[in-house]
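The values are calculated or read from the model by the stated rules, or taken from the named source; none is laboratory data. Quick caveat, the model's predicted, so the values are computed rather than measured. Cβ atoms come from the backbone with ideal geometry, glycine included; neighbour counts cover every protein chain shown. These area figures cover heavy atoms from the full protein model, side chains too; ligands, DNA and RNA do not enter into them. Shrake-Rupley method; radii C 1.70, N 1.55, O 1.52, S 1.80 Å.
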Amino acid sequence: MIASIVAAIAAITAAVIATKAAKRQREAVKVERRIEHCRQQLNDLYGKLYTLRQASKSLYATLHPGGERPEGWRLVDHVSEIIAEGDTSKIGTIKEIIKINKAIEETLVSKSGLLDQFPPPGSFQEFVSHSRQLQVAWAKKSDLEGPKISFPRGLDQDIEESIVTIRARISELDTKR
């Protein structure tokens, strides 16, 4: 009788230990999945957006002497002027900026499932609209008439804030490993 009680206690203890181990394993898998998702957000969305925006800003700065954009100067208002100048360097730069903008748009659309927040920041939609207006103006080879959508000044900050948030999330999840 004592042997059967000891065996029962051992079986119960083994079951409890196995259950706790299985629970720890499930939690570890969840943490790993969350970390992987965060890395995917950084690698496939926000890191790409950040890099493309840095390239675009560098190119944009070359359109102005000394890299300083005059107050209120908007590219969509100067398309005719730039084309008339015939400066192949400026024209090539603008074509590259438009190409980068298209890559940013494609990334925002194709990787929208990786967004850190929903709805996304307004700056993302404003960027897409602004980019489209620039594409239309460039295709027409003339300045846009009528209402224009300004480049969203908060875009870079929104991207950087998401990167900081996701990195903090990874650090927090790392402590749960």
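Taking only protein heavy atoms and a 1.4 Å probe, what accessible area per residue, in Å², does the chain have with all protein chains in place? Walk me through the intermediate numbers first.
Numbers: 10970 Å² over 177 residues.
That works out to 62 Å² per residue.
Rounded, prolate or oblate: which one fits segment 73-177, using the alpha carbon gyration tensor with axes a ≥ b ≥ c (rounded when a/c is under 1.5, else prolate when a/b beats b/c, else oblate)?
On the way: a/c = 3.13, a/b = 2.51, b/c = 1.25.
Prolate, since a/c reaches 1.5 and a/b exceeds b/c.
Pulled fully out, how much extra length does the chain show between Lys23 and Glu106, if you take 0.36 nm times their separation in residues and subtract their Cα-Cα distance?
Full extension of this stretch gives 25.8 nm more.
Placing one identical point scatterer on every Cα of segment 1-72 and ignoring solvent, what is log10 I(q)/I(0) from the Debye formula at q = 0.23, 0.27 Å⁻¹?
Those come out to -0.97, -1.07, one per q.
Determine the dipole magnitude for segment 1-94: charges of +1 sit on the beta-carbon of Lys and Arg, -1 on that of Asp and Glu, nothing else is charged, the reference point is the Cα centre, and the result goes in debye to the nearest 20.
For segment 1-94, the charge dipole is close to 940 debye.
Among 16-27, 54-65, how do they line up from the highest to the lowest mean number of other beta-carbon atoms within 10 Å?
On the way: 16-27: 10.2, 54-65: 13.8.
Ranked from most to least packed, the peptides come out as 54-65, 16-27.
For Lys30 paired with Arg132, estimate the spin-label separation in nm (one decimal), with each label point 7 Å from Cα along the Cα-to-Cβ line.
4.1 nm
What does the highest-first list of 144-155, 3-14 look like by mean Cβ count within 10 Å?
The most tightly packed comes first, giving 144-155, 3-14.
Before anything else, pin down the relative contact order of segment 33-160: Cα pairs under 8 Å, at least 6 apart, normalised by residue count, whole percent.
Relative contact order of segment 33-160: 35 percent.
Where a Cα-Cα gap under 15 Å defines reach, which aspartates and glutamates qualify for Lys141, not counting those fewer than 8 residues away within the same chain?
Asp77, Glu81, Glu85, Asp87
As a quick test, which of the pairs Lys23/Lys111; Lys57/Lys176; Lys57/Lys148; Lys48/Lys90; Lys111/Lys140; Lys30/Lys99 have an alpha carbon distance above 27 angstrom in this structure?
Violating the 27 Å limit, Cα to Cα: Lys23/Lys111; Lys57/Lys176; Lys111/Lys140; Lys30/Lys99.
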